[in-house]
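As structure tokens, the structure follows; a few thoughts come after it.
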Amino acid sequence: MLAYIVRRVLYAIPILVGVNLITFVLFFVVNTPDDMARMQLGAKRVTSEAIEKWKAERGYDKPLLFNAAAPRGAKLTQTVFYEKSVRLFAFDFGAAEDNRDIANEIRMRMWPSLALAVPVLIVGLAVNITFALFMAFFRATYLDFWGVVLCVALMSISALFYIIGGQYVASKLWHLVPISGYAGGFDAAKFLVLPVLIGVLAGIGSGGRWYRTLFLEEMSRDYVRTARAKGLAESVVLFRHVLKNAMIPILTGVVVVIPLLFMGSLLSESFFGIPGLGSYTIDAIQAQDFAVVRSMVFIGSVLYILGLLLTDLSYTLVDPRIRLQ
Amino acid sequence: MPFLPFPLFTDVLLWLLMGAIALYVWYCSRKPHLGAPWARVFQSRTAAICAVVFGCYVAIGFADSLHFRVRLQQAAGSEGTPYSPAVLSVLDLALTHLRERRERTYSAPLATRLYAKEQFEIDGKPVRDFPRLRYGGARLQDEAERPRDIAARIGLGLFVAAFAAVLIGLAVKRLRRRRPQIPWSAGGATLLGVLAAALPVLFLSFEYHVFGTDKVGQDVLYQALKSIRISLIIGTLTTLVLLPLGMALGVMAGYFKGWIDDAIQYLYTTLNSIPGVLLIAAAVLMMQVVIDRHAEWFSTAEQRADLRLLVLCAILGLTSWTGLARLLRGEALKLSQLEYIQAAHAFGVADTRILTRHILPNVAHIVIIAMVMDFSGLVLAEAVLSYVGVGVDPATTSFGTMINAARLEMGREPIVWWSLAAAFVFMFVLVLAANLFADAVRDGFDPRVRMGFVPA
Amino acid sequence: MKPALRIHALNTVLDTPRGMVRAVDDVGFELRPGECFALVGESGSGKSMTALSIMRLLPEAGRIVGGEVDLDGLDLLGLPEAAMRSVRGRRIAMIFQEPSTALNPVLSVGRQIVEVMERHTELSREEAKRKALELLRSVGIPDAERRFEQYPFELSGGLKQRAMIAGALAVDPEVLIADEPTTALDVTIQAQILELLARLLRERGMALLLITHDLGIVARMAHRVAVMYAGEIVEIAEREAFMRAPQHPYSQKLFAALPSPRRRAGELAVIQGQVPPLTQEFRACRFAERCDQAFDRCRIEAPAMLEARPGQLARCHLREAGPAAPRAQSLGSHESIKTASGEGNVLLRIRDLQVHFPIRRGLLKRTVGYVRAVDGVSFELRAGRTLALVGESGSGKTTTGKAILQLIAPTAGSVRFADTELTTLSRAEIRPRRSAMQIIFQDPYGSLNPRMRVLEILLEGMRSLGIGRDEAERTARITRLLGEVGLPAEALGRYPHEFSGGQRQRIAIARALAVEPKLIVCDEPTSALDVSVQAQILNLLRALQQRLGIAYLFITHNIAVVEYLAHEVAVMYQGKIVEHGDVDRVLGAPAHPYTRELLAAVPTID
């Protein structure tokens, strides 16, 4: 068991190296730092002095891979590759365009992101499972049919419309909650009600339908027939036998995204003005702040790999076939 | 020639894809076992309805994919034939009345007056009021006539639709006799429904802005129709990159196992581990710089926007093949244990032949299902990416840019809702039809295939 | 005696895309307390559907359209669903074919037994647990306390089926329905489970409805028998009468199709054609098209159940003329199989063959041990002879077959084929030799590529191995081959799914024959087939051997097939051959205790 975990953790290293190489190639090889400088400085005719100054301020003026001019022992470290890519492994992200420390920014913005993403995940899971169980219980009836149609219809609406529509209805018509903004502490709740509701609503379509498929697949298995042959009521069959088996793929599917909750939700946060990592990312993309984008890519990968690891572990916890072998 | 054909990259690829699909249909019609699942698909009423709706979108998209430049008057003393720098499509030509009648700014659907008050003079006296539109309802002498005029136009549309109903009914009757198992009547009814909605809109559009106008006074209906092509391109051309990568790598990983499998798994775990939007954003931003640096590659703005669109498709494809690859890897793993593959080994059949003759044909149904299932997701992704700022060229009209522009006006009083409404209606119908059709295709081919789903 | 369960005029249909299938058509019988009533039939005869109809547990596409199921005066078909639920498990219990899927994988074995008592009795948790432990012991599960806490995957197939039975007996039902309870199990385990069922029947006095396709099990277990064909019962009788003199031509054929040493001299009886589609409404005898005793009346009038002899009813017009003669029990004595070429040369010589699969564990996935699937197997096979490799699942017989063909790389040992050592050759060097050794698989559905036409399937090997000078010669050869395996020439243009299981197996045989092999490894080629189809394939294999002088390495778990087809037999157990010799000697006077146990476990009809 321990050996297994250690092996998975070791396997994460080459993947992070790969992620790093991909980002390095994307950010520094496809385009040179000169191009980035020109893009950031905006104007068509920038002087080469301005470019050099921009590069020097941000440490992009060094060679990419090998610094022949550096003193011995620093030929490899005084390079863009080392300072901008390798240092990420030590969670040393450097500074953003506005000279703020990225690591500090991430630490601060993490909490609003979680305050939004965690309730969305938990409430969404509860709602989706309930809805899916409802459809599975009434399978092959009109209730089930229209439930699926509703799911497909909900899936066919862009997330943007959920947010815009929700903002409009709740804030403009009913004046119930503020349209956007955020506050710390318990005041956050009133800002979060609407985004959470919208997040849950937007997920019902695909989530409900997916879980329904899982339930129905389990219900077609032999052990369900055995349970019915014992004279168990349909609700007992559903809750004791089917739900328990179907929860294995459901839970492990959820576990993989739990670490990624830190990354926040891009759309909700930016629409509702929640100062989380999602809006941070979007702002960075729109401002073409490469240092921030690079850091978020790295953090995202780490969290994803963590998610994979947790998924493997959760399998061993919820599935006796794996736990005991 | 009065015009110069000016095919864009995406036009060419879209038509090639169309040709490939036509070839596939022809091939299927000759091989009963390939045609059978499609026959099953089209026995479902949902599939027939969705196919008609989808067909209407495709027709508009393809009309918008025949581009040309109009010849200008020969200027005295100049050499060669000058062509207008504006690249138009057949759809633009058909919608000239929408395209050219620009108002000054916002106007509500079917309005005769502008959204904003302006200072102007009536009989020499300065007035501050909502001015009449330049085109919308301009022919009306008395604005009180408007409801009756609108009703008359709708009536005319419905009358023509009723006429079409008779023709559709006759056609359905004949088709049903030839292929009774296909639900022609459902398809015919859908076509009639589309006509009953489209014809009144058409007759209204000659005089009014049916979905209003946007900030710069452009007709919103025209924008929505133009957006269709972008959605179709994103939804289809992306698969041109996605399919070969996903198929080749997935099948190879599953069949060869060993270090090839390890390498391919490493590749897709690495790609998967980068958050999708960030990877796309990074790639798009970088390509943006390349395109900006090489302005000399493009003779027109359309070409530039078109290349950006194509690059977006390629990037979406490069970042989203992993799901299909994983699915096919599992399937190839299962297949390679099957006895007919072992029988082929017992005959000493070469690996390449086993891959092409035994494995690929038996995963083809998954590829088809994946292709139709991905479509709707890609159309939705375009809107989000355009909102984030890494989607299509800002100058291109797409559902994403429409929503993005309209969103900024949410705070106005009274609210400017029509751009959003138009984008919502057109997009919802397209994605819903695609989703339902994908379900029917899956049920017809292999109901057990499950496409991945990531919660929240 | 008052019947425990009476089924009368039961009709069940399935709604399928091809139309309404009359899966159970006017079925009626009685089940008496303390009796084992066997419902026998081949796949698709409607025997399982009958059982599920009694329990009202049909799949969603199925519905009962008429009839009565009378449980001691209670009409089950008229009950509301809630009342039916208190009948299920309480008064009628059921066990299923596949114990590995019929138990819930995430609930402990004990929990799944206790829940029956929770549902139907007022027992407290402790009492229920005590009773469950008692049950586990009574069905012969050792170390019941430990097993109670375990999950199904921790139990072997036989133990799982015992646990299923314990659950079914938890509240002393009056009727137990067992749907092919031993089909998924090895023959020695099967014998134990049958023994258990017989004991429980004696001790508890309940009624057992045993559904099976195996006449040997019928002979061992049943008091009375009903034979089902195409949805209806065609014969119903006491066991002794039925075994002695089956009255319906279909029942007679089932017996005649069974391979046995006494039939070695001649061909097995076969039933031509296929079961008619059940979507139609029958107006004549359903078996008429396949019956070699049919006459004009059979094709226009459906026969009623006739009492051929007291207590023995058959659905056949012939029985108006009187009962059929007893089954011929001694048709000749044990005969040796004639061989085309007599004693051939040694074609295949295996010396100390080993196939080990590494078990990798730990941080670096180091190999910590090996699964010795094949652990030192040696034998010789002469040209034109058949060596049967017999063993239970997991004994390594299939791995041996594949290792001989170099489809799995052997770990050690020597495989000499026609005086060439194969294990040291590279893939490219083996390739030209592949035409001489071929393989036929078990699953007729998995062994043909569904996307290729029969012609392409047959051509593939010939092209790959360069058999035939050109396409015309190959096609001519294939057309001849089709005749040899008994398929029409137009089969070439069709796809595998258009053929039945037996026909597919013929195609697979033709594919192997196309490259003119000297040796064919037959990996359980008939175990997925019904007995009447199995007879056709065995006849064909035998005829081909006599005509072409092919050697067979025949891998099987079915002793009857071995007796019929093989010259020599090798018994495998845990990767080793424990006994090897002439078929009459090994089966007649087994020397090794395992062979003896195996042979004793095989249910036979005589």
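The values are calculated or read from the model by the stated rules, or taken from the named source; none is laboratory data. Because the structure is a prediction, the values reported are computed rather than measured. Heads up, the Cβs are rebuilt from the backbone with ideal geometry, glycines too, and the neighbour counts pull from every protein chain shown. Each accessible area value is taken on the protein alone, full model and side chains, heavy atoms only, with ligands, DNA and RNA left out. Shrake-Rupley method; radii C 1.70, N 1.55, O 1.52, S 1.80 Å.
When B:W184, B:W321, B:W26 are compared by accessible area of protein heavy atoms, the largest-first order is B:W26, B:W184, B:W321, using a 1.4 Å probe.
The calculated P(r) of the stretch B:192-339, using every Cα pair and 10 Å bins from 0, goes 10, 24, 24, 20, 14, 6, 1 in percent.
On association of chains C and A, roughly 2600 Å² of accessible area becomes buried (total for both chains; probe 1.4 Å). Summing Cβ point charges (Lys, Arg +1; Asp, Glu -1) relative to the Cα centre of the protein assembly as shown gives a dipole of roughly 940 debye. Taking every alpha-carbon pair under 8 Å whose residues sit at least 6 apart, the stretch C:80-215 reaches a relative contact order of 34 percent. Within the stretch B:287-388, the percentage of alpha carbon pairs spaced more than 25 angstrom apart rounds to 46%. Short-range pairs are left out: with C-alpha atoms under 8 Å and at least six residues apart, the relative contact order of chain B is 20 percent. Compared with its chain on its own, the stretch C:416-464 contains the following residues whose accessible area drops by 50 Å² or more in the full protein assembly (probe 1.4 Å; ligands, DNA and RNA excluded): C:R427, C:F441, C:G446, C:N449, C:R451, C:E460.
Working from Cα pairs under 8 Å separated by at least six residues, relative contact order for chain C is 14 percent.
Note on the stretch A:57-89 and the stretch B:30-106: Cα centroid distance 52 Å, given to the nearest whole angstrom. Amide H contacts of C:A245: C:R327, each under 5 Å away and 5 or more positions distant or on a separate chain (H built 1.01 Å from N in the peptide plane; Pro and chain starts excluded). Straight Cα distances below 30 angstrom link C:K253 to the lysines C:K47, C:K338, with same-chain residues fewer than 8 positions distant left out.
Geometric descriptor of the stretch C:344-488, per residue, is 178 Å³ (volume of the convex hull of the Cα atoms).
Within a straight-line Cα-Cα reach of under 25 Å, A:K53 can be paired with the following lysines, leaving aside sequence neighbours fewer than 8 residues apart in one chain: A:K44, A:K62, A:K75, A:K84. Membrane-span-like helices of chain A, defined as complete DSSP H segments with a Cα extent of 30 Å or more along the helix axis and a mean Kyte hydropathy of at least -0.5, are identified as A:2-24, A:102-137, A:188-219, A:290-318.
With a 1.4 Å probe rolled over the protein heavy atoms of all chains, the accessible area of B:F9, C:F153, B:F159, C:F295 falls in the order B:F159, B:F9, C:F295, C:F153, largest first.
Hydrodynamic radius of chain B by the Kirkwood approach over all distinct alpha-carbon pairs: 25.1 Å. Rolling a 1.4 Å probe over the protein heavy atoms of the protein assembly as shown, with every protein chain left in place, gives an accessible area that is 60 percent carbon and sulfur. Is the stretch B:67-164 rounded, prolate or oblate when judged by the Cα gyration tensor, a ≥ b ≥ c being the square roots of its eigenvalues, rounded requiring a/c under 1.5 and prolate requiring a/b larger than b/c? It is oblate, given that a/c is not under 1.5 and a/b is not larger than b/c. So which lysines can C:K397 reach, going by Cα to Cα under 17 Å and dropping same-chain residues fewer than 8 places off? Straight-distance partners of C:K397: C:K576. With Rh defined as the Kirkwood radius, the inverse of the mean 1/r over Cα pairs, the Rg/Rh of the stretch B:1-59 is 1.14. Measuring between their Cα centroids, the stretch B:194-231 and the stretch A:194-266 lie 42 Å from each other. Take the alpha carbon gyration tensor of chain C, find the square roots of its eigenvalues, order them as a ≥ b ≥ c, and report rounded if a/c is under 1.5; if not, report prolate when a/b exceeds b/c, else oblate. It is oblate, given that a/c is not under 1.5 and a/b is not larger than b/c. Solvent exposure of chain C amounts to 40 Å² per residue of accessible area, where only protein heavy atoms count and the probe is 1.4 Å. Mind jotting down the distance between the C-alpha centroids of the stretch A:133-151 and the stretch B:288-328, whole Å? What the calculation gives is 41 Å, centre to centre.
Rounded to the nearest 10 degrees, the inclination of helix B:301-320 to the longest alpha-carbon principal axis of chain B is 30 degrees. Shape annotation for the stretch C:453-606: C-alpha extents along the principal axes are 55, 29, 27 Å, from largest to smallest.
Rolling a 1.4 Å probe over the protein chains gives B:E413 an accessible area of about 150 Å².
With protein chains left intact and a 1.4 Å probe, residues in chain B average 46 Å² of accessible area per residue. Take the Kirkwood radius over Cα pairs of the stretch C:88-212, plug it into Stokes-Einstein at 10 °C and 1.306 mPa s, and you get 112 µm²/s for translational diffusion. Against chain B, whose longest principal axis is taken from its Cα atoms, helix B:146-178 shows a tilt of about 30°.
The shape of chain A can be summarised by an equivalent ellipsoid whose semi-axes, obtained from the alpha carbon gyration tensor, come to 46, 27, 15 Å from longest to shortest. Close amide H contacts of C:E301 (hydrogens built in the peptide plane, cut-off under 5 Å, sequence separation of 5 or more or a different chain): C:C285.
Relative intensity of the protein assembly as shown on a log10 scale, I(q)/I(0) at q = 0.06, 0.07, 0.08 Å⁻¹, equals -0.72, -0.95, -1.18, per a Debye sum over C-alpha point scatterers of equal strength in the absence of solvent. Here the Karplus curve 6.51 cos²θ - 1.76 cosθ + 1.60, taken at θ = phi - 60°, turns the phi angles of the stretch C:521-528 into couplings of 8, 9, 9, 6, x, 10, 6, 8 Hz, with x standing for Gly and Pro. Between A and B, buried accessible area from a 1.4 angstrom probe totals roughly 4600 Å², ignoring ligands, DNA and RNA.
Computed from the alpha carbon positions, the gyration tensor of the stretch C:364-449 leads to an equivalent ellipsoid with semi-axes of 22, 19, 16 Å, biggest first.
For the stretch A:1-120, dividing the convex hull volume of the Cα atoms by the residue count gives 176 Å³ per residue. Along its first, second and third principal axes, ordered by size, the stretch C:5-222 spans 49, 39, 36 Å in Cα coordinates. Please label the shape of the stretch B:297-456 as rounded, prolate or oblate, based on the square roots a ≥ b ≥ c of the eigenvalues of the alpha-carbon gyration tensor (a/c under 1.5 means rounded; beyond that, a/b larger than b/c means prolate, else oblate). Taking the square roots of the gyration eigenvalues as a ≥ b ≥ c, the stretch B:297-456 is prolate. Descending by average beta-carbon neighbour count within 10 Å, the peptides C:227-236, A:5-14, B:281-290 line up as C:227-236, B:281-290, A:5-14, the highest first. For the stretch C:346-600, the share of alpha carbon pairs falling in successive 10 Å distance bins from zero is 7, 29, 34, 21, 7, 1 percent.
Counting only alpha carbon atoms, the long axis of helix B:9-30 and the longest principal axis of chain B meet at about 50°.
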